[in-house]
Amino acid sequence: MLKKVLAVLFIGGLLLTGCGAPGNKGTVEVPITLTEFEIQSPRVEFETGTNYRFVVTNAGSVEHEFMLMAPLTKDHMGMAMDMETMDAMALAMIHSSDLPAGATASVEYTFTKPAPAGQLEFACHTPGHYEADMRLPIVVK
């Protein structure tokens, strides 16, 4: 009888451990594919408070980078901004040195505030790529 009680308590403890804290959504993995000159993601709407792991695969034939940031304004187009300043603007990024052709890398990010359409995007700022429209607008609710 004691063994049955202990077994039930043990299994119940395992089940409760798997549930996690209320509201804890865990990490959501988002596969992203970069090609010449496109960013593909099965998800473009995200939620605040959820931790996302962006698993980025460069399926193209040249190196790319992945940046999560506000869109550049018209006066910033053409790479008038130096890369250090642009890197500092990014909420999350994977450098082009980590995304040569065929490579996969990941970065995690948790959105802390909503962002309506037009405020954030995934983008590649390797010279000439953003100008070739290598970006994907996202929304955060």
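The values are calculated or read from the model by the stated rules, or taken from the named source; none is laboratory data. Not measured: the values here are computed from a predicted model. Note that each Cβ is placed from the backbone with ideal geometry, even for glycine, and that neighbours are counted across all protein chains shown. Ligands, DNA and RNA are excluded from the accessible area calculation, which covers all protein heavy atoms including side chains. Shrake-Rupley method; radii C 1.70, N 1.55, O 1.52, S 1.80 Å.
Tabulated data
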item: Selection from region 37-50 of residues that are free of Cβ contacts under 8 Å to residues at least 60 places away in the same chain and surrounded by 14 or more Cβ atoms within 10 Å (Cβ to Cβ); result: none
item: Of all residues making up region 28-75, the number that are of a type in the set (A, V, I, L, M, F, W, C) and on the phi > 0 side of the Ramachandran plot; result: 0
item: Cβ-Cβ under 8 Å pairs, at least 6 apart or on other chains, region 96-111 side farther than 17 Å from G60 by Cβ, far side part of a loop (DSSP other than H, G, I, E, B) and open to solvent by 50 Å² or more (accessible area, probe 1.4 Å); result: Y109/L91; T110/G49; F111/E47; F111/G49
item: T33 being in contact with a Pro (Cβ under 9 Å, 6 or more places away or on another chain) and either modelled with pLDDT of 95 or more or outside any loop (DSSP other than H, G, I, E, B) (or both); result: no
item: Number of positions in region 90-139 that are under 26 Å from G26 (Cβ atoms), polar (S, T, N, Q) and assigned to a loop (DSSP other than H, G, I, E, B); result: 1
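Each row is one residue, and each column tells you yes or no for (1) within 19 Å of T50 (Cα to Cα); (2) modelled with pLDDT of 95 or more; (3) buried (at least 18 other Cβ atoms within 10 Å of the Cβ).
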{"position": "H76", "(1), (2), (3)": "no, no, no"}
{"position": "S97", "(1), (2), (3)": "no, yes, no"}
{"position": "P100", "(1), (2), (3)": "no, yes, no"}
{"position": "T104", "(1), (2), (3)": "no, yes, no"}
{"position": "Y109", "(1), (2), (3)": "yes, yes, no"}
{"position": "K113", "(1), (2), (3)": "yes, yes, no"}
{"position": "L120", "(1), (2), (3)": "yes, yes, yes"}
{"position": "R135", "(1), (2), (3)": "no, yes, yes"}
